[in-house]
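Some notes on the structure that comes next.
The values are calculated or read from the model by the stated rules, or taken from the named source; none is laboratory data. This structure is a prediction, so every number in the text was calculated from the model and none was measured. Every residue, glycine among them, receives a Cβ derived from its backbone with ideal geometry; neighbour counts consider all protein chains shown.
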Amino acid sequence: MSRKIVIFGTGQIAELAHYYFTKDTSLEVSAFAVDGAYLTNESWLGLPVIDFATVEERFSPGEYDFFVALSYSKMNKVRSDKYGEAKAKGYSLVSYISSRATIFDNVRYGDNCFILESNVVQPFVRIGNNCTLWSGNHIGHHSIIEDDCFIASHVVISGGVTVEQGCFIGVNATVRDGVTLGRQSLIGAGSLILGSTEPESVFTGNKAQARNIKSVNISKI
């Protein structure tokens, strides 16, 4: 019997999650949940939309699992907070791993991960909880991706890299082997990172240089 899930969100990522879970897993999406302030319709994609504050009353954590389908807003904090709230309600959070991704058998990954097609995740990689790897990335051997990270498309992370909690890595960025990206680092699209970064640092451009600003003070990325 298929396990049933509730997806948090009614945006584009939630729509994608609904599609991927429906087409590429045995899981059955039963409903969507949103915060009460955003509850404008009672149904979406043919399924009920429920106030997150009371979602467990209708969709019990004993009978349903959960998936938080949110973006990298506020350096992944919005997604991280909702993930924690869902766990506090007693839900088990599921991950989606595309059948079209190459994930070696000794790779370990956490819950509420969203790993899309054409990712190549080499042996001995560890991926934490609540991480998104959009399509087409290379994650090199022995690398560690900590919790709450968002890696956009066609990123190259070389071997032995540590990506600390809450980082965002933009499209086509490249990270040299053996470096550490400090927690909540923002690596802009196309950046080349050849050395370790400080926490909350921001790198932009092809010849990336650290900017005198904290990533948590940027309102939109």
Any chance residue 55 is within 14 Å of the chain's Cα centre (by Cα), at pLDDT 95 or above, within 30 Å of residue 216 (Cβ to Cβ) and not assigned by TED's automatic domain parsing to the domain that holds residue 219 = no
Matching residues in the range 1-42 - criterion: being small (Gly, Ala, Ser) and in contact (Cβ under 8 Å) with a residue 24 or more places away in the chain = 2, 9, 11, 14, 17, 26, 30, 31, 33
In the range 5-20, anything buried (at least 17 other Cβ atoms within 10 Å of the Cβ) and polar (S, T, N, Q) is listed as 10
Within the range 59-109, restricting attention to residues that are over 30 Å from residue 141 (Cα atoms) and hydroxyl-bearing (Ser, Thr, Tyr), which residue is farthest from the chain's Cα centre (by Cα)?
-> 60
Go through the residues of the range 174-184 one by one and say whether even a single one is buried (at least 23 other Cβ atoms within 10 Å of the Cβ), without any contact (Cβ under 8 Å) to a residue 40 or more places away in the chain, in contact with a strand residue (DSSP E or B) (Cβ under 7 Å, 6 or more places away or on another chain) and not aromatic (Phe, Trp, Tyr).
-> yes
Could you list, in sequence order, the residues of the range 162-221 that are in contact with a Gly (Cβ under 6 Å, 6 or more places away or on another chain), of a type in the set (Ser, Thr, Tyr) and closer than 24 Å to residue 141 by Cβ?
-> 197
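Suppose we keep only residues that are out of contact with any strand residue (DSSP E or B) (no Cβ under 8 Å at 6 or more places or on another chain) and of a type in the set (D, E, K, R) within the range 41-88. Which one would you say is nearest to residue 5 (Cα to Cα)? Break it down into steps so the answer makes sense when it comes.
Taking the range 41-88 first, the residues out of contact with any strand residue (DSSP E or B) (no Cβ under 8 Å at 6 or more places or on another chain) are 46, 53-54, 56-57, 60-62, 73-74, 77-78, 80-81, 84-85, 88.
Checking which are of a type in the set (D, E, K, R) leaves us with 56-57, 74, 77, 81, 85.
On the way: 56: 12, 57: 14, 74: 26, 77: 23, 81: 19, 85: 16 Å.
The residue in question is 56.
Given the residues 77, 23, which is the only one that is at negative phi, of a type in the set (Lys, Arg) and surrounded by 14 or more Cβ atoms within 10 Å (Cβ to Cβ)?
Numbers: 23 fails: surrounded by 14 or more Cβ atoms within 10 Å (Cβ to Cβ).
Answer to the check: 77.
Which residues, taken from the range 147-164, are of a type in the set (Val, Ile, Thr) and not in a strand (DSSP E or B)? Steps first, answer last, please.
The initial filter retains those residues of the range 147-164 that are of a type in the set (Val, Ile, Thr), namely 151, 155-157, 161-163.
Scanning the range 147-164 gives 155, 161.
Is it the case that residue 109 is out of contact with any Lys or Arg (no Cβ under 6 Å at 6 or more places or on another chain), touching a residue at least 40 places away in the same chain (Cβ under 8 Å) and surrounded by 15 or more Cβ atoms within 10 Å (Cβ to Cβ)? Write out each step before concluding.
Working: out of contact with any Lys or Arg (no Cβ under 6 Å at 6 or more places or on another chain): yes; touching a residue at least 40 places away in the same chain (Cβ under 8 Å): no; surrounded by 15 or more Cβ atoms within 10 Å (Cβ to Cβ): yes.
Considered against the rule, which asks whether it is out of contact with any Lys or Arg (no Cβ under 6 Å at 6 or more places or on another chain), touching a residue at least 40 places away in the same chain (Cβ under 8 Å) and surrounded by 15 or more Cβ atoms within 10 Å (Cβ to Cβ), residue 109 comes out as no.
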